[in-house]
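In what follows, a single structure is set out as C-alpha cells and then discussed.
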Amino acid sequence: MAKNIKSRAEDYAQWYLDVIKAAQLADYAPVRGCMVIRPEGFALWEAIQRDLDRRFKDTGHVNAYFPLLIPLNFLAKEAQHVEGFAMECAVVTHHRLENDGKSGLAPVGKLEEPFVIRPTSETVIGHMYAQWIQSYRDLPVLINQWCNVMRWELRTRLFLRTTEFLWQEGHTAHETAQEAQEETLRMLDVYAAFAEEFLALPVVKGPKTESEKFPGAITTYGIEAMMQDGKALQAGTSHNLGQNFAKAFDIKFLGRDQKQQHVWTTSWGVSTRLIGALIMAHSDDDGLVLPPRVAPVVMAIVPIFKSDADRAKVAAFIDVAIRTLVGEEEFAAAAKRQQSEVVSYFFDRATEQKIVVDWRDNRPGDKQFHWEQRGVPFRMEVGPRDVDAGSVVIKRRFDRAKESVETSKLTPGHLRTELADVQRLMFQKAIEHRQANTHRVDSYDALRATLAEKGGFVRCYFHPDRQAEAKIKEETKATVRVMPFDAQGQTGKCMYTGKDGAPEVIFAVAY
RNA sequence: CGGGGCGUAGCGCAGACUGGUAGCGCGCUUGCUUGGGGUGCAAGAGGUCGGGGGUUCAAAUCCCCCCGCCCCGACCA
C-alpha cells in the first residue's frame, strides 16, 4: 500500500525507520548517533511531558534544573556508578577555540579538571542535596528535572537509543528506608499507569535482576513492554538507591533522635525512547498509528471539490462543522492565527490537540495518505455529495473502520467518545498481542526452543544468577527483563538449576 | 571496536567491471487536463559526482589516503 514504507514482515527494522521518516518524526543529525526531533515528533514528547508532569505534581513533586556539566571527580565517588557509566561518557576538556592557521579551528585552553556531559544526574544532585538537607524537617526532597543527557552509545537507533536523548529524572531524598522504598514503588506505579492509560501500552512491573540493575542502585524496578515483533522494551525504571549516594556525597541530616544519619534516595526516569515504544507497539504497514490521547491532531478533514461553487459549498459546510466541534471562540481565534493551507483549530486547548482542514491543492488521495501516515486517529472526507446527504464518512486510523455520521451528530461529545473508544481498543489490542506472545516453560530446553521458534515473553521459574544469565544470553540472546509482580510471589523449581524456591521471571530478547 | 553497505539534483537511485566531459524516477516551476485513495500530457529549472592526492590527452568511473552515515555483531540505565 504505502510505497515509501517497507512492510513489517519484510524488514521490521527498516519498517520502523520508514514509519519515522514518513511521519516526519525525526531526522538524522550531522553528528553520529544524534537525531533531530522534528515538530511532529516533538509534539509527541510534549504530550508525554504534559501528562507525566501532571502525574508528578499530583504525587507531590516539583521541577528544577541542574547543570549539563559534571565535574569528573563526582562521577568517581560511587564505585558501581562510575563502573557503569565510565565507558560511555562524553568529556569536555577545553574551553576555547583558536584559528589553527589552516582555515580551521582547534581547541585550546585545556581545563584543569575535565567535565563530563551528564549521562544522568545522581552525582551533581547528590552534591547539592548534601548542602540543602540539614534536618529531618528538610525531608523529603521530591525534585524532578526535564533535560537532555548524553551516553556515547556504540550502536544507535532513532528514539530507542541515541547518543543524546531527552528524558526526565526524578531524584528524591527520604528520612527512612521504608519511605524511599515506598517512593520507588509509587513512581513505578505512576509510570505503569501513564504507559497504559496514556500510551495504551500494556506493561509488566517488577524488579530487575542484579545484573540488569542501575549502577549504584540497591534495587531497580522497571516497566517492560512488548513490541509487535515480540521483543521487549524497557519503558521506564525506578531505582531505590538506598544510602549509596548519600554516603558517596555525604548527604546527612539530624534525625528526630538527634543523631546524624544518611538520607535514603531514589531516582526514576523515562526518556524519548517512549516514542519508539509508541511507534513499535501500535503502528502498521501504512505508517504511524497514534493512540488518541497522544495524537497532536485528532482529526484531519479532507475537502473534496471540483468547481469553485463546490468548493464554496464544502467550505461552508466545514465551517459549520468546525464551529460546532471547537466552539465559536476558537473558530474566531483560528481566523486570526498565522495559518498555512492546512488550517488548524484547537479541539482541546488543555492538551493542544487539534483538528485540521487540509485545503492544499493536492489530490484527495494524496491527503488521505498524508494524514494516514502521520497516525491521525480520524479522517473526515467532505465533498458535495456529503453536503447534500447531510452526513459524512469518518475513517478510523487504527482499524480502518468507516462510519457514516449524520451532520447533527458531529459534536465534540461524539468525537470525544470516539477518541476514547479508540484509546480503549488500542490498549485492548496491545494486551491481546502480548497475551498471544507470552509463553510459559519449565525447562531450559523449552526456554531455548520457545525463544528460537516463537519469541515473545517467556515466563519461567528461575533463580537469578549473574553467570547463568550471561550464559543464557549468549545462547539465546534473551535476558531476564523483569521479575513480575503479577506472579504474586509464587515460587517453583528453577528451570535452569532445578532448585526449588525460584521466583517467576520473564525472559525475552530486548531492544 | 569487528563485518557489510552506501556517499552522484531537494529525495530515491542508475552510470563504475570495459575512462570520452552526467542520466532516470519522484518532487519543484509554468500551462492545459483531472479531482470521492498516490490523474494525464507538454515545456522548464536544478549537480564542486563526500574530500584530498595520484595515473592519464581525458576520471563519477582506475589506484592510494581521509571523512561521514546506515545496517548487522560485540557492548549498553
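Readers should treat all values here as calculations from the given coordinates under stated rules, not as data from a laboratory. These numbers were taken from a predicted model, which means no experiment stands behind them. Backbone-built Cβ (ideal geometry, glycine too); neighbour counts: all protein chains shown.
Just a few scattered comments:
- Here's the picture: a label point sits 7 Å out from the Cα of A:Thr411 along the beta-carbon direction, and within the range A:363-396 the residues with their amide nitrogen under 20 Å of it are A:390-394.
- Label point at A:Lys499 placed 7 Å out along Cα→Cβ; residues across the range A:189-215 whose backbone nitrogen lies under 20 Å: A:207-213
- Amide hydrogen neighbours beyond the local backbone of A:Gly492, cut-off 5 Å, H modeled: A:Gly501, A:Ala502
- Antiparallel bridges, percent of DSSP beta bridges restricted to chain A (to nearest 5): 85
- Computed from the Cβ-Cβ distance with R0 of 60 Å, the FRET efficiency linking A:Ala312 to A:Asp27 stands at 0.95.
- Here A:Leu68, A:Leu154, A:Leu288 are placed in order of increasing Cβ neighbour count within 10 Å, fewest first, which gives A:Leu154, A:Leu68, A:Leu288.
- Between A:Ala106 and A:Arg54, the simple label model (points 7 Å from Cα in the Cβ direction) yields a spacing of 5.6 nm.
- When the trypsin sites (Lys or Arg not before Pro) in the range A:213-264 are filtered for DSSP coil states and for at most 13 other beta-carbon atoms within 10 Å of their beta-carbon, the remaining sites are A:Arg256, A:Lys259.
- Pair A:Asp366, A:Ala420: separation of 7 Å Cα→Cβ label points (nm): 3.9
- In this rough spin-label picture, where each label sits 7 Å from Cα along the Cβ direction, the A:Ala76-A:Glu352 distance is 4.3 nm.
- Zone residues, the range A:452-466, relative to A:Gln490, backbone N less than 12 Å from point 7 Å out along Cα-to-Cβ: A:460-461
- Unsatisfied cross-links (Cα-Cα over 27 Å) in the set A:Lys395/A:Lys429; A:Lys231/A:Lys395; A:Lys313/A:Lys367; A:Lys57/A:Lys205; A:Lys21/A:Lys208: A:Lys231/A:Lys395; A:Lys21/A:Lys208
- For the range A:315-332 versus the range A:123-176, the inter-centroid distance based on Cα atoms is 45 Å.
- R0 of 60 Å, Cβ-Cβ distance A:Glu88-A:Arg323: FRET efficiency to nearest 0.05: 0.65
- In chain A, a dipole from Cβ-located charges (positive for Lys and Arg, negative for Asp and Glu) runs towards its positive end, and of A:Tyr191, A:Ile5, A:Leu160 it is A:Ile5 whose Cα lies farthest in that direction.
- With the charge dipole of the range A:438-508 set up from +1 on Lys and Arg Cβ and -1 on Asp and Glu Cβ about the Cα centre, the Cα lying farthest toward the positive end among the listed residues A:Ile472, A:Thr491, A:Cys460 is that of A:Ile472.
- Assigned charges on the beta-carbon of Lys, Arg, Asp, Glu; chain A dipole about Cα centre (debye): 400
- Given R0 = 45 Å, the distance between the Cβ atoms of A:Phe331 and A:Ala64 translates into a calculated FRET efficiency of 0.70.
- The loop-placed GluC sites (Glu not before Pro) in the range A:1-73, going by DSSP, that have at most 16 neighbouring Cβ atoms within 10 Å of their Cβ come out as A:Glu10.
- Selection from A:Ala217, A:His433, A:Gly501 lying farthest towards where the dipole of chain A points positive, charges on Cβ: A:His433
- Counting beta carbons within 10 Å around each of A:Asp500, A:Asp386 and listing the fewest first gives the order A:Asp500, A:Asp386.
- Within the range A:227-349: Cβ-based charge dipole about Cα centre, in debye rounded to nearest 20 (Lys, Arg +1; Asp, Glu -1): 680
- Take every pair of alpha-carbon atoms less than 8 Å apart whose residues are at least six positions apart; their mean separation over the length of chain A yields a relative contact order of 14 percent.
- The range A:12-282 - charge dipole about Cα centre, Lys and Arg +1 at Cβ, Asp and Glu -1, debye rounded to 20: 280
- Kirkwood-based shape ratio for the range A:438-508, expressed as Rg/Rh from alpha carbons: 0.92
- Ascending count of other beta-carbon atoms within 10 Å, so fewest first, for A:Ser267, A:Ser391: A:Ser391, A:Ser267
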